[in-house]
């Protein structure tokens, strides 16, 4: 199945862990630990058009970076292939907002690390499109946490 994601995307892993990807590298490069721990198994990806995809699993296809992707601090960086399920749905905008607000509540200190959680909540609750929400949060995430 050939999948064309519209970036940026938001992804929800087990236990409502949220991940953002600006491009395919952000989504398909991970640590060996993340792959081993099954981070991608059951991952739900919502793209900027509001299409929801489910990942069955992921598999290593190579390494990323110098010395086979080895990094003393972060472990080995891998390039992976995502194996999508055949299930593609249209996400509901209000459901996405509720999931994000649930993530805000669960990891309040992470989301408020720059002191702007109330602004983030307000923006999300007033947004009118998937693209608007995902672009905003992706920008905030990479600005503050990378």
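The values are calculated or read from the model by the stated rules, or taken from the named source; none is laboratory data. These figures come from a predicted structure and were not determined experimentally. Methodologically, a virtual Cβ is constructed for each residue, glycine included, from the backbone with ideal geometry; neighbour enumeration extends over all protein chains shown.
Highlighted here are the helices (runs of 4 or more DSSP H) found entirely within the range 82-135 that include at least 3 residues which are in contact with a helix residue (DSSP H, G or I) (Cβ under 8 Å, 6 or more places away or on another chain) and modelled with pLDDT of 95 or more: 93-106, 117-126.
On the stretch given as the range 18-48, residues that are without any contact (Cβ under 8 Å) to a residue 40 or more places away in the chain and either part of a helix (DSSP H, G or I) or surrounded by fewer than 16 Cβ atoms within 10 Å (Cβ to Cβ) (or both) total 10.
Restricting the range 94-106 to residues that are exposed (fewer than 15 other Cβ atoms within 10 Å of the Cβ) and touching a residue at least 24 places away in the same chain (Cβ under 8 Å) leaves a set whose member that is farthest from residue 128 (Cα to Cα) is 106.
Every condition in (1) modelled with pLDDT under 90; (2) in a helix (DSSP H, G or I); (3) surrounded by fewer than 12 Cβ atoms within 10 Å (Cβ to Cβ) holds for residue 73 except the one numbered (2).
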